[in-house]
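Readers should treat all values here as calculations from the given coordinates under stated rules, not as data from a laboratory. Here the structure is a predicted model, which means the values were calculated and not measured. Heads up, the Cβs are rebuilt from the backbone with ideal geometry, glycines too, and the neighbour counts pull from every protein chain shown.
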Amino acid sequence: MNRFVSAIRRHVRHLPVLLLALAGAGCAPQAMLGYRPEAPISANLPLGAAGVRDARAAFAPLFERELRASDASADAAAWLHAGPAPVRDVPTALGEIDRRFDERRAQTVVLVVPGLLGDCVDDQSVPFGDGVLRTRELESTASYAQYADLGLRGIRLLWVPGRASVEANGARLAAALREVAARDGVAHIVLVAYSKGTPDVLHALRLLEANGGVPRQIAALVSVAGIVMGTPLADHYEQLYASLSPLLSPFGCTAAAGGEVASLTRRERADWLAAHPPPPALAYHSVVAFAAPHETAPFLRHSQAMLAAIDPRNDGQVVAADALLPGSALIAAARADHWSLALPLERNPHALVRAVAPSRTFPRAPLFRALVKWVVGTLP
């Protein structure tokens, strides 16, 4: 075990420390079923009854168009779990989305918020980036140059410490969002939050709401595999992580500030969300993911099996039902694991990282393009 951890410290600088614990614990899946007695009770309801609109049928043609623009033979069905029957007036709907997007894009800024340990990899694996190795400062913008043809006013990564609690990162993000909203010519801000980035943003919105109001420019939040209701993995491994974290220092990571995994427990997330519903002024969108074990990164299969005791529809880190934002539109259920959906691990310069990356490379750039066009084109 010591030799394994040493190898990971040397080579796998951006694998979540939480997963290091998972890999060595060898816990039976049944152990995940026992939530703590103090955990809040939540309801498992159909989407409509839970206040979530199923927009997958309307979004899928937009994704397919972006996908085929990069690969004419590509099939969207290979990458998305099927939703309801297609809407008949989809061509008209796409035309309207295109028209509204064209009207608004020059005044729109897209801000991407990374997940747990995101700053361990922000020189190469930023969410939806191009996977090219650069300095941290360059990566936050240059990795998104591939989307320049979208004609947006700006697109960048919002840097936050990867080993800080959602409360601490929420305060940082709130300040950054106020600064962006105050810039001349910015009419719309779209937030794309990945994994832990989603609760980080929700905390930021709450702080803004309580201190003068959410700036009107902040128009939408897209949660991509967001840890909205927490993950049972955090509840189960919270103490083990706290013990191992001081011993592990992945390259490039900021020092652990404490509370980063505790703030992802179902206990904390469910309690917080019950007391702090998302501000109503924004448009909310959810992207979830789940895949078969053979389509999942080898390093995530153990945690995937553990979560499967609760729900087989999980991405190896979070159950799909726990990744839905309240009051959101579910726009995609991706056939992907938690990493491949957003991170270009297959392009990492370290051979060991590439070896544990998923064998299927999800078409992240077409998905991101479709997300941006959908969100901007459907703003009220």
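If you rank T135, T254, T265 by fewest surrounding Cβ atoms within 10 Å, what's the result? Walk me through the numbers before you get to the answer.
Numbers: T135 10, T254 13, T265 23.
So the ranking, lowest neighbour count to highest, is T135, T254, T265.
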Quick one: grab the alpha carbon gyration tensor of region 223-325, order the square roots of its eigenvalues as a ≥ b ≥ c, and give me rounded if a/c is under 1.5, else prolate or oblate depending on whether a/b is larger than b/c. oblate
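Let me spell out the model: positive unit charges on the Cβ of Lys and Arg, negative unit charges on the Cβ of Asp and Glu, origin at the Cα centre of the chain. What dipole size does that give, in debye rounded to 20? Write out the running numbers ahead of the final one.
Values: 37 positive and 34 negative charges, 64 e Å.
That gives a dipole near 300 debye.
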Once you order the gyration tensor axes a ≥ b ≥ c over the Cα atoms, which shape class does region 279-380 get: rounded for a/c under 1.5, otherwise prolate or oblate by comparing a/b with b/c? oblate
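Checking the a/c ratio against 1.5 first, then a/b against b/c, what shape does the Cα gyration tensor give for region 127-259? Could the numbers behind the result be given before it?
Numbers: a/c = 2.04, a/b = 1.35, b/c = 1.52.
Oblate shape, in that a/c is at least 1.5 and b/c is the bigger or equal ratio.
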Filter the chymotrypsin sites (Phe, Trp or Tyr not before Pro) in region 306-380 to those in DSSP coil with at most 16 other Cβ atoms within 10 Å of their Cβ, and list the result. none
With the contact rule set at Cα under 8 Å and sequence spacing of 6 or more, what percent relative contact order holds for region 204-356? 28 percent
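So how many Å³ per residue does the convex hull of the Cα atoms of the chain work out to?
In the chain, the Cα convex hull volume per residue is 130 Å³.
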Label A74 and E96 with points 7 Å out from Cα along Cα→Cβ: what is the distance between them in nm? 2.6 nm
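Order by neighbour count: I189, I41, fewest other Cβ atoms within 10 Å first, most last.
Details: I189 23, I41 6.
With the sparsest Cβ surroundings first, the list reads I41, I189.
Dipole size in debye (nearest 20) for region 117-171 around its Cα centre, Lys and Arg Cβ +1, Asp and Glu Cβ -1? If you can, show how the numbers build up before the last one.
Working: 5 positive and 8 negative charges, 19 e Å.
With Lys and Arg at +1 and Asp and Glu at -1, about 100 debye.
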Which of these, G258, G115, G197, has the largest mean-square fluctuation under a Gaussian network model of the chain (Cα springs below 10 Å)? G258
